[in-house]
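Since the structure comes first, as structure tokens, the remarks are kept for the end.
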Amino acid sequence: MENGKDEQVMTGDNREDAGEESFAALYEASLKDRELKEGEIVKGEVIQVLPDHVVVDIGYKSEGTIAIDEFGKGQDGKPAIKIGDKIDVLLESCEDEEGMIVLSKEKADKLKVWDDISDACEKNELVEGVIVARVKGGLSVDIGVKAFLPGSQVDLRPVRNLDRLIGQKFEFKIIKFNKRRGNIVLSRRVLLEKEREALKTDTLKKLKPGAVLPGIVKNITEYGAFVDLGGIDGLLHITDMSWGRVNHPSELFSVGDEINVMVLKFDPESERVSLGLKQINEDPWTHADEKYVVDTKVSGKVVSLTDYGAFVELEEGIEGLIHISEMSWTRRVKHPSKMVAVGDEVEALVLDIDSSNKRISLGMKQVEPNPWTLIEEKYPVGSIIQGRIRNITDFGVFIGIEEGIDGLVHISDISWTQRIKHPSQLFKKGDEVEAVVLHVDPENERFSLGIKQLSEDPWNRIPDKYPPGTKVKGKVIKVTEFGAFVEIEKGIEGLIHISELSQERVEDPRQVVKEDDEIDVMVLDVDPEERRIALSVKSLQLAKDDDYQQYLERQGDGRVSLGEALASKGIDVPGYSEPENAEAESAEAETASEVVDEKPADKLQSSSEDEENE
């Protein structure tokens, strides 16, 4: 029995040994069955988290380690991994020098991404990614691995500023995939085209004139904005954006703005859509007549300047013109910019309105009293004013009367006697002068002044000082084909007609006298109204042949005398009588008639008038 028991005990120990051996055999067999290969992704369980690495059991005879850096960090700043987590890892090496297997989670993740991307490409599925950088020819996108998005595949239209897309997340379609080379090419445009076609079908059902649709501004040009209505674009022209003035569409819109627009026109064949924004609201000119009555005071903002005036926006869509002539009562405005600038707020009076042609005439000066209405009372005709010369022209000088009001002294009103070719001979800008008020015309804003009127007209005394028959000495100042002009005192000159230069017949006055000659002459006639004096050398010569007084008192026998001949031509010589000699008388009368017929009496004019005619 004892021997039997011993046999039985020995049999039990043998069984335990045999069990351990069989378990080890089975474990070895299971490892052989798995046949883990380096470079393969396997499942593992985290069994220990240490400061610098994580221990992972993948069901192999030894555990593997993974650097702690390969695990991301949570919100608390600690590694986002804990004991018991199931993870995919890459078996890099079955055993290192320490007998541990080498694993990598980071490489496993990358390989897994490539597998996922490959599956998505085969199944024609979309992938999601973030645009991370701009590269040559397009953009770099992170879809788990780096992929390339060509610039032509970013949007339906070329995108000028690709940098603005960096950091944005989108869905993409894989259009090229090469795992061996690590090359992935994406497209966003393909998705947008597909979406656009779906939207277009729905939008086409709604497109009809008068329909108001929502849209997104896609592009802006100088002439308008293109609006995406949903699969189809429409043009919102700059003239249809606002009832008011729009210099450039960018003043109202930016790319990406969501707006409501009205369909103005739609061509199904070409799929062209014309849109309007201002048509959604009523035209403000519809009630402009009621709102902007003539003589109403209004205010607005200057929106534009031209050479002829300034345009003022009274409200959106309604502008009025302030003509340059309506800007100031007194200032001579050469350009509107001298009075206002774009953006200025101004007040004006409505002068006229034509709503059918959408025009409003405004006056800025009418807001203030017209100073010209007071000028006539303040400066009556005949009063003397004093002021500085502000401007000199060919025809006269302008004297400043008040701020913005000038008076004109015409060149003919500068001197009674002096021959003036240009006012600058006597005056210069800034000179202080006195003048007499001659005429005030408030309606035409004209103020006439005279300087010569400050003194008496010397021609009022000339007839008394130089009666016909008076002998005087003078200086020849000009010789013409019909006679010579002689100055008998400063500023006073007379004409010696060619017939009065000599008793002999004269063909050319220059053969008898020349300029600057000092000669004696006789006064034949004085006309103060026309400011003319007729002089004669011949009559003085004839008077020397007899007593001067007798010469004046002699009477003719009824035949035509020199005096009568001259008188018949408009030259009156009181007290003049003919010589007794009939032959001399006849010859004298004949000569006078011939010469006077050749040179009419209206040739007896001042040298200044003759000069102007020449």
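The values are calculated or read from the model by the stated rules, or taken from the named source; none is laboratory data. Computed from a prediction, not measured in an experiment: that's the story for all the values here. Heads up, the Cβs are rebuilt from the backbone with ideal geometry, glycines too, and the neighbour counts pull from every protein chain shown.
When residues of the stretch 116-129 are filtered for being in a helix (DSSP H, G or I) and either under 11 Å from LEU186 (Cβ atoms) or in contact (Cβ under 8 Å) with a residue 40 or more places away in the chain (or both), how many remain?
4
In the stretch 444-461, which residues are surrounded by fewer than 17 Cβ atoms within 10 Å (Cβ to Cβ) and either at positive phi or free of Cβ contacts under 8 Å to residues at least 40 places away in the same chain (or both)?
ASN444, GLU445, ARG446, SER455, GLU456, ARG461
With the requirement that a residue be outside any loop (DSSP other than H, G, I, E, B) and of a type in the set (Asp, Glu), what does the stretch 451-484 give you? Let's see the steps before the verdict.
Within the stretch 451-484, the first condition is being outside any loop (DSSP other than H, G, I, E, B), and the residues that meet it are 452-454, 458-460, 462-465, 471-480, 483-484.
If the condition is that a residue be outside any loop (DSSP other than H, G, I, E, B) and of a type in the set (Asp, Glu), then ASP464 is the only one that fits.
Given the structure, is GLU92 in contact with a Phe, Trp or Tyr (Cβ under 9 Å, 6 or more places away or on another chain), among the charged types (D, E, K, R) and surrounded by 11 or more Cβ atoms within 10 Å (Cβ to Cβ)?
no
Name, by its number, the condition in (1) touching a residue at least 12 places away in the same chain (Cβ under 8 Å); (2) on the phi < 0 side of the Ramachandran plot; (3) among the acidic types (Asp, Glu) that does not hold for ASP464.
(1)
Can you tell me which condition TRP243 does not meet? The list is (1) of a type in the set (A, V, I, L, M, F, W, C); (2) over 29 Å from VAL302 (Cα atoms); (3) assigned to a loop (DSSP other than H, G, I, E, B); (4) in contact (Cβ under 8 Å) with a residue 60 or more places away in the chain, and all the others hold.
(2)
Scan VAL132, VAL185 and give me the residue that is aliphatic (A, V, I, L, M), within 46 Å of the chain's Cα centre (by Cα) and part of a strand (DSSP E or B).
None of the other options fit; the residue is VAL132.
Every residue, every condition in (1) farther than 21 Å from CYS121 by Cα; (2) modelled with pLDDT under 85, yes or no:
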| position | (1), (2) |
| --- | --- |
| VAL145 | no, yes |
| LEU156 | yes, yes |
| ASP163 | yes, no |
| PHE170 | no, no |
| LYS173 | no, no |
| LYS179 | no, yes |
| ARG188 | no, no |
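A quick yes/no check of all residues on (1) modelled with pLDDT under 70; (2) of a type in the set (Ser, Thr, Tyr); (3) at negative phi:
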residue	(1), (2), (3)
GLU21	yes, no, yes
LYS37	no, no, yes
LYS43	no, no, yes
ASP76	no, no, yes
ILE81	no, no, yes
GLU95	yes, no, yes
GLY99	yes, no, no
LYS110	no, no, yes
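For LEU204, state whether it is surrounded by 15 or more Cβ atoms within 10 Å (Cβ to Cβ) and farther than 27 Å from ILE131 by Cβ.
Considered against the rule, which asks whether it is surrounded by 15 or more Cβ atoms within 10 Å (Cβ to Cβ) and farther than 27 Å from ILE131 by Cβ, LEU204 comes out as yes.
Test GLY230 against the criterion of being buried (at least 18 other Cβ atoms within 10 Å of the Cβ) and within 28 Å of the chain's Cα centre (by Cα), and give yes or no. Reasoning before the result, please.
Values: buried (at least 18 other Cβ atoms within 10 Å of the Cβ): yes; within 28 Å of the chain's Cα centre (by Cα): no.
For GLY230, the condition - buried (at least 18 other Cβ atoms within 10 Å of the Cβ) and within 28 Å of the chain's Cα centre (by Cα) - is not met.
Taking the stretch 486-496 as the region of interest, how many residues are within 60 Å of the chain's Cα centre (by Cα) and either in a strand (DSSP E or B) or β-branched (Val, Ile, Thr) (or both)?
2
Hey, any hits in the stretch 236-243 for a residue that's over 26 Å from the mean Cα position of the chain (by Cα), at pLDDT 90 or above and under 19 Å from LEU199 (Cβ atoms)?
Here is the first cut: in the stretch 236-243, the residues over 26 Å from the mean Cα position of the chain (by Cα) are none.
No, the conditions are met nowhere in the stretch 236-243.
Specify which of the listed residues (GLY407, GLY396, GLY469) is of a type in the set (Gly, Ala, Ser), surrounded by 13 or more Cβ atoms within 10 Å (Cβ to Cβ) and over 44 Å from the mean Cα position of the chain (by Cα).
Selected residue: GLY469, the only one of GLY407, GLY396, GLY469 that is of a type in the set (Gly, Ala, Ser), surrounded by 13 or more Cβ atoms within 10 Å (Cβ to Cβ) and over 44 Å from the mean Cα position of the chain (by Cα).
How do the strands (runs of 3 or more DSSP E) wholly within the stretch 262-330 filter down when requiring 3 or more residues that are buried (at least 17 other Cβ atoms within 10 Å of the Cβ), small (Gly, Ala, Ser) and not assigned by TED's automatic domain parsing to the domain that holds GLY215: which remain?
It comes to none.
Could you list, in sequence order, all residues of the stretch 144-182 that are assigned to a loop (DSSP other than H, G, I, E, B) and in contact (Cβ under 8 Å) with a residue 60 or more places away in the chain?
As a first pass, look at the stretch 144-182 and keep what is assigned to a loop (DSSP other than H, G, I, E, B): 144-145, 154-161, 166-168, 179-182.
Listed by number, the residues that qualify are ARG157, LYS179.
I'd like to verify a number: residues in the stretch 514-539 that are touching a Lys or Arg at 6+ places or on another chain (Cβ under 8 Å), crowded, with 24+ Cβ neighbours inside 10 Å and under 16 Å from LYS478 (Cα atoms), how many?
Residues meeting the conditions: 1.
Suppose we filter LEU252, LEU351 for residues that are surrounded by 13 or more Cβ atoms within 10 Å (Cβ to Cβ), within 30 Å of PHE226 (Cβ to Cβ), of a type in the set (A, V, I, L, M) and free of Cβ contacts under 8 Å to residues at least 60 places away in the same chain; which single one remains?
Values: LEU351 fails: within 30 Å of PHE226 (Cβ to Cβ).
The conditions single out LEU252.
Read through the list (1) in a loop (DSSP other than H, G, I, E, B); (2) in contact with a strand residue (DSSP E or B) (Cβ under 7 Å, 6 or more places away or on another chain); (3) over 30 Å from VAL294 (Cβ atoms), then give the number of the only condition that ASP406 fails.
ASP406 satisfies every listed condition except (1).
Between residues in the stretch 280-300 that are among the polar types (S, T, N, Q) and residues that are modelled with pLDDT of 90 or more and outside any helix (DSSP H, G or I), which pairs lie under 9 Å by C-beta distance while being six or more apart or on different chains?
Between residues of the stretch 280-300 that are among the polar types (S, T, N, Q) and residues that are modelled with pLDDT of 90 or more and outside any helix (DSSP H, G or I), the close pairs are THR296/LEU349; THR296/VAL350; SER299/VAL312; SER299/LEU314; SER299/GLU345; SER299/VAL346; SER299/GLU347; SER299/ALA348.
How about the stretch 158-189: which of its residues are surrounded by fewer than 18 Cβ atoms within 10 Å (Cβ to Cβ) and either in the same structural domain as VAL255 (by TED's automatic domain parsing) or charged (D, E, K, R) (or both)?
Residues satisfying the conditions are ARG160, ASP163, ARG164, LYS169, GLU171, LYS176, LYS179, ARG180, ARG181.
Checking ILE143 against (1) exposed (fewer than 13 other Cβ atoms within 10 Å of the Cβ); (2) under 24 Å from TRP114 (Cα atoms), which test does it fail?
Going through (1) exposed (fewer than 13 other Cβ atoms within 10 Å of the Cβ); (2) under 24 Å from TRP114 (Cα atoms) one by one, ILE143 breaks only (1).
How many of the residues in the stretch 412-447 are under 41 Å from the mean Cα position of the chain (by Cα) and within 15 Å of GLU377 (Cα to Cα)?
Final tally of qualifying residues: 7.
Part of a loop (DSSP other than H, G, I, E, B), modelled with pLDDT of 90 or more and either under 30 Å from ASN281 (Cβ atoms) or out of contact with any strand residue (DSSP E or B) (no Cβ under 9 Å at 6 or more places or on another chain) (or both): is that true of VAL340 in this structure?
Considered against the rule, which asks whether it is part of a loop (DSSP other than H, G, I, E, B), modelled with pLDDT of 90 or more and either under 30 Å from ASN281 (Cβ atoms) or out of contact with any strand residue (DSSP E or B) (no Cβ under 9 Å at 6 or more places or on another chain) (or both), VAL340 comes out as yes.
On the given criteria, is LEU204 at pLDDT below 85 and either among the aliphatic types (A, V, I, L, M) or under 22 Å from ASP115 (Cα atoms) (or both)?
yes
Only one residue in SER448, SER412 is of a type outside the set (D, E, K, R), outside the structural domain of ILE533 (by TED's automatic domain parsing) and assigned to a helix (DSSP H, G or I). Which one?
After applying the criteria, what remains is SER412.
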